[in-house]
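Student: Questions regarding the structure given below will be posed in turn.
The values are calculated or read from the model by the stated rules, or taken from the named source; none is laboratory data. Source: prediction; values computed, not measured. Don't worry about glycine lacking a Cβ; one is built from the backbone with ideal geometry, like all the others, and counts go over all protein chains shown.
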Amino acid sequence: MVRRSLSITITTLLFLVATLVQAYDAHVEEVINNPTATYKNAFSINVTLEIWNRVLDNPHLMGQLWEMYGFRPRYKVTKTETGIHVTDPSGITGDIRQVGREDHARTFYAAGAFDHWAVPSFFTADGVVVFEYSRERNILSGEANIFMRGDNGISRVVMKIFSGILTRHINNRVDSSFENIKKIIQDISNDPQKLRDRLDGPLLNDFDKVFPVAKNKPAKGQGMPSDF
């Protein structure tokens, strides 16, 4: 029983990192239309639509900033051809890719596996995270919908049995993770140069590509205005 509970807890973490597009591939549709478990959470933040969309569109950069800020869990995020690969300290490994994009919506698909002595290898699951949002009076607000589906019959049965535990863990992780992400976004919005001064090398280059230096303001280490 403890082993099964742990497996569900670990599965949950993968999908908290990532609508309505014209079409998804068949596997994504299956997760959305026939989920084993679902969860939704409303959110709000003082940020422009442009910055919010850039945050969602660049999960690798956000993962690097998360690590730099020292937030926990200490995810290890690396780029892949289609998105990112995430390693969770608890033993989850997974691949996340964006599968939908609109002005006021983003959708992510995640497929996870385990590398943990206490979790049977056949406990695997996929997830789809759908963000829908709008902005009014300087506040961006919306809802995150999470759809999870076990990859096999045993996984689906266990996820349903522990649906209450699963929901509570998701709620706790979403709330704490969003508070951390908000701190990064506030720094990007309010004082990007102060944040930029903490970066160097490839991370600084990636940051400047996603959040260009404002025109006529010098970049770090430059005496002349940027071309951005």
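Student: Can you tell me which of (1) crowded, with 18+ Cβ neighbours inside 10 Å; (2) at pLDDT 95 or above; (3) not in a helix (DSSP H, G or I) is the one Ile185 doesn't meet?
Tutor: That leaves (3) as the condition not met.
Student: Tally time: how many residues in the stretch 188-228 are among the charged types (D, E, K, R), modelled with pLDDT under 70 and surrounded by 13 or more Cβ atoms within 10 Å (Cβ to Cβ)?
Tutor: Residues that pass the stated criteria total 1.
Student: State yes or no: is Ile139 surrounded by 13 or more Cβ atoms within 10 Å (Cβ to Cβ) and modelled with pLDDT of 95 or more? Write out each step before concluding.
Tutor: Values: surrounded by 13 or more Cβ atoms within 10 Å (Cβ to Cβ): no; modelled with pLDDT of 95 or more: yes.
Here the answer is no, as Ile139 does not meet what is asked.
Student: Considering only the stretch 26-56, state which residues are outside any strand (DSSP E or B) and under 14 Å from Ser177 (Cβ atoms).
Tutor: Restricting attention to the stretch 26-56, the residues satisfying the condition of being outside any strand (DSSP E or B) are 26-36, 46-56.
Those that are outside any strand (DSSP E or B) and under 14 Å from Ser177 (Cβ atoms): Val55, Leu56.
Student: Still on this model: Hey, among the residues in the stretch 146-176 that are surrounded by 18 or more Cβ atoms within 10 Å (Cβ to Cβ) and of a type outside the set (A, V, I, L, M, F, W, C), which one's modelled with the highest pLDDT?
Tutor: Arg149
Student: Which condition does Ala113 not pass, out of (1) modelled with pLDDT of 95 or more; (2) surrounded by fewer than 19 Cβ atoms within 10 Å (Cβ to Cβ); (3) aliphatic (A, V, I, L, M), if it passes all the others?
Tutor: Answer for Ala113: the failing condition is (1).
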